[in-house]
Amino acid sequence: MTDQGTVLSYQVWMTRAGWALLAALVLSLVGSVVALAAGLVLVWRGSKFVKSVGTSLAQQLQAVSPEPARDEVHALLVGGLSTTLRMAREAYEAQRKAYTDSLLTTAIAAFTAWTALLVGLFIALNGFNLVTGRWEVPIAGATVTTLVFGILFLVSVRRRYVPRLARYREWTERLADSMGVQLARAPPESGKANTFELLVGASEQVPDWLDAQRRAGLSGDPKIAFVILLLTLFTGSFLMNGLAQLLFGGIASAGMAYLAIGAFLVGLTAWIYLRWKREEEARLNRSRAAWDAHLKALHARMDRFLEEM
């Protein structure tokens, strides 16, 4: 959606999933020729249909709804709303993913802590258990301790994320409502701030929205997070195998090779993370600069409009 209306776009071509499915069918021994022929026919017929019908439909829509006159102030307002709405949504999504990751990390940490406490209490109270036969004492102690600290940590996580998420959601809804009003060119509802006042208020929130994406870290980029997680697992495996070979009488050359590979993976992981962080910082700085320039242009145009009046 833009200030000039709704833009419909399409691409008359196969998707990556479609190409992969077609390649799998062609490489199979059964029905490959039929699959290839059927795929090409479907692509050809789909392209022909979309080109003919899409062009005719676009011409009819243009005849029914001609392009409206250009309104610079309206365009700046819609552009500002679109930019701030995108920033608010990105901040909300980044923090929501970070909140989910924190809950998952809490669950994993709680299970690990419970296991460690259970083993430690069984070893520490081994004599007491053998004499009294009360084997449930270590289990109860580990469970109660883990529950207490787990609940406290969950409360801390909720107090950190939930108010922030509610604030971002509220701003997203306000900006989306105002965006709909501007695109429909409808008069604003009584009792609500006009679009310009809303943008001025939103400009004060932009630094917080950008910082929210920074604070979310890798939670905002699942692909890089998955790559770093895999590299971390491989790094730990190679380092542990190398240390085991050296400490427990294994092959020294194999241990050194494991440690060398582990050290290389450590450097590779650090390089990927630092590169991603630099690119993320540059992207957020560009977003901040673009918003500042847009708000400055909107202020200048409104000042000229008031002077002309």
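Odds and ends about this structure:
- In order along region 274-287, the phi-based Karplus estimate (6.51 cos²θ - 1.76 cosθ + 1.60, θ = phi - 60°) of 3J(HN,Hα) comes to 5, 5, 4, 5, 5, 5, 5, 4, 5, 5, 5, 5, 5, 5 Hz; Gly and Pro are listed as x.
- Shown for Phe234, Phe111: other C-beta atoms within 10 Å of each C-beta, ranked fewest to most, produce the order Phe111, Phe234.
- Among Phe122, Phe226, a tally of other beta-carbon atoms within 10 Å of each Cβ gives an order, fewest to most, of Phe226, Phe122.
- Ranked list, fewest to most other Cβ atoms within 10 Å of each Cβ, for Leu268, Leu77: Leu268, Leu77
- Cα convex hull volume per residue for region 73-192 (Å³): 106 Å³
No lab work stands behind these numbers, since they all come straight from the coordinates. Owing to the predicted nature of the structure, the values given are computational and were not obtained by experimental measurement. Every residue, glycine among them, receives a Cβ derived from its backbone with ideal geometry; neighbour counts consider all protein chains shown.
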